[in-house]
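Comments concern the structure below.
The values are calculated or read from the model by the stated rules, or taken from the named source; none is laboratory data. Please read all numbers here as calculations on a predicted model, not as lab measurements. Heads up, the Cβs are rebuilt from the backbone with ideal geometry, glycines too, and the neighbour counts pull from every protein chain shown.
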Amino acid sequence: MSLAQNKTLTFVLNDPPYENARTTTALRLVGAALRKGYDVNVFAYEGAVALPFAKQAPHANAVHGNDAAAEDHPNTKDWVAALLAEAGRLGRKLDWINCGLCVDERGVAEAIAGTRRGSPADLWQFVGKSDNTLVIPTK
Amino acid sequence: MSKYLLIESRDPFESQDSRAFYELAAALAGDANQVTLFLVQNGVLGARAGEHARWYAELGKAGVEVLADDFSLRERGIQASRLAPGVKASGLDVVIDHLGDGRKTLWH
Amino acid sequence: MSRKVLAIVESAYRATLEEQDDPVLWLTHALKGAGADIDVLLRGAAVSYGARGQDASGLAFGTRAQTQPPQLERDLASLAGKGAKVYLLKEDAATRGLRPDEVAPGLELIGRDAIPALFRQFDHIWHW
């Protein structure tokens with residue numbers, strides 16, 4: 001597997017957690033990019049700012065007959081945290097910015113460590129410093 | 001010549017918009033560009049061989065490479081042996097490779 | 001290095017009442033303000049954003065009335081006024097019965113056959 005050298009990709013995410021398969025695919029792409037040696041920027045817009053919301057909590061699943069521990073249901077914040085840790089382990093950068101106005105209107109300011117608040121100006125900076133970009137839109 | 005990666009995530013039976021996206025892929029290939037259509041999520045639901053298999057044969061004739069995310073296929077119980085002619089299963093990593101290669105990449 | 005972006009807007013009226021604008025057109029405006037070289041192509045359902053006479057006023061829940069409804073025609077005119085080209089895919093407009101004389105001024109009607117050449121002008125094509 002050839003590794004990207006000093007290359008950066010930017011992804012723009014829009015979907016809130018638990019609403020669409022795009023969230024999982026987007027996070028799969030971030031992970032794949034890190035493993036291939038890219039630095040990754042994520043600009044979370046609209047509902048995607050809730051992906052790293054620190055107050056998400058796992059739950060039991062009576063339909064499956066599982067308590068919370070047995071269900072082991074990952075919150076999206078756990079997946080984001082795992083990707084941030086993977087980036088660190090691989091010596092790569094994952095810069096996750098949540099669009100601030102989207103955060104405010106959704107009341108999700110408490111985001112996990114390793115993410116930060118920003119604005120569209122940050123997205124434009126990302127674009128200027130990236131080798132390529134991908135917008136994953138919501139519908 | 002430019003290179004394009006078009007990612008179709010939507011069920012092609014759900015609306016005309018997906019097929020308009022396929023037509024865009026064909027039009028870009030017709031303009032002498034290198035074009036890959038990558039089916040992912042419910043976008044792979046058209047990849048099981050059936051009456052609509054001609055969509056992908058036509059794309060192939062137009063010069064578009066058609067790939068389908070192997071995880072999405074497996075998630076939906078679509079075996080490799082049941083793929084429409086002209087559709088190849090692929091890992092998601094190919095999207096990263098194409099982005100790194102500078103392909104203009106559109107997600108639908 | 002300056003990059004040129006084409007924002008293709010297909011999804012329409014998705015959260016425009018809650019947001020009081022279209023989130024993608026708003027972002028495009030904000031990016032233009034941040035120095036982006038960005039143009040817009042309206043296609044699919046979003047060709048309707050080019051229609052004259054859209055009126056989203058009057059929404060109220062109990063005594064809480066919406067005082068700033070979305071004004072997409074204004075927002076597109078503002079983008080065009082800032083130097084962004086706003087294209088509208090004429091086949092999608094025709095399919096939806098939107099006649100050229102019903103399209104707001106300042107938008108450029110473009111045919112499907114011109115899309116490959118249009119795409120050549122841009123470094124990034126963002127499909128929303």
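The helices (runs of 4 or more DSSP H) located wholly in the range A:21-139 include none with 3 or more residues which are at pLDDT below 95 and surrounded by 22 or more Cβ atoms within 10 Å (Cβ to Cβ). Looking across C:Ile125, C:Ile115, one residue alone is within 14 Å of chain B (Cβ to nearest Cβ), assigned to a helix (DSSP H, G or I) and modelled with pLDDT of 95 or more. It is C:Ile115.
Anything in the range C:38-70 that is over 11 Å from the mean Cα position of the chain (by Cα) and polar (S, T, N, Q)? List them, or say none. Selection gives C:Gln54, C:Ser57, C:Thr63, C:Gln66, C:Thr67, C:Gln68.
Of the residues making up the range C:39-49, those that are more than 9 Å from every other protein chain (Cβ to nearest Cβ) and either outside any helix (DSSP H, G or I) or charged (D, E, K, R) (or both) are C:Asp39, C:Val40, C:Leu41, C:Leu42.
Here's the yes/no breakdown for (1) buried (at least 17 other Cβ atoms within 10 Å of the Cβ); (2) more than 11 Å from chain C (Cβ to nearest Cβ); (3) without any contact (Cβ under 8 Å) to a residue 40 or more places away in the chain:
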| residue | (1), (2), (3) |
| --- | --- |
| B:Ile7 | yes, no, no |
| B:Glu14 | no, yes, yes |
| B:Asp17 | yes, no, no |
| B:Gly46 | yes, yes, yes |
| B:Gly63 | no, yes, yes |
| B:Arg74 | no, yes, yes |
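For the range B:19-32, enumerate the residues that are outside any helix (DSSP H, G or I) and loosely packed, with under 15 Cβ neighbours inside 10 Å. B:Ala32, the sole residue that qualifies. Across the range C:1-36, the qualifying residues are those that are surrounded by 17 or more Cβ atoms within 10 Å (Cβ to Cβ) and more than 10 Å from chain A (Cβ to nearest Cβ), and the one among them that is nearest to C:Gly97 (Cα to Cα) is C:Ala12. Which number in (1) within 27 Å of A:Val12 (Cα to Cα); (2) within 14 Å of chain B (Cβ to nearest Cβ); (3) loosely packed, with under 13 Cβ neighbours inside 10 Å marks the one condition that C:Gly81 misses? Of (1) within 27 Å of A:Val12 (Cα to Cα); (2) within 14 Å of chain B (Cβ to nearest Cβ); (3) loosely packed, with under 13 Cβ neighbours inside 10 Å, only one is false for C:Gly81: (2). Scanning the range A:104-139 for residues that are out of contact with any helix residue (DSSP H, G or I) (no Cβ under 7 Å at 6 or more places or on another chain), in contact (Cβ under 8 Å) with a residue 40 or more places away in the chain and aliphatic (A, V, I, L, M) turns up A:Ala111, A:Val127, A:Val135. In this structure, A:Ala85 qualifies as free of Cβ contacts under 8 Å to residues at least 24 places away in the same chain, over 21 Å from C:Asp21 (Cα atoms) and in contact with a Gly (Cβ under 9 Å, 6 or more places away or on another chain). Within 14 Å of chain C (Cβ to nearest Cβ), in a strand (DSSP E or B) and in contact with a Leu (Cβ under 6 Å, 6 or more places away or on another chain): does that describe B:Val35? Answer is yes for this residue.
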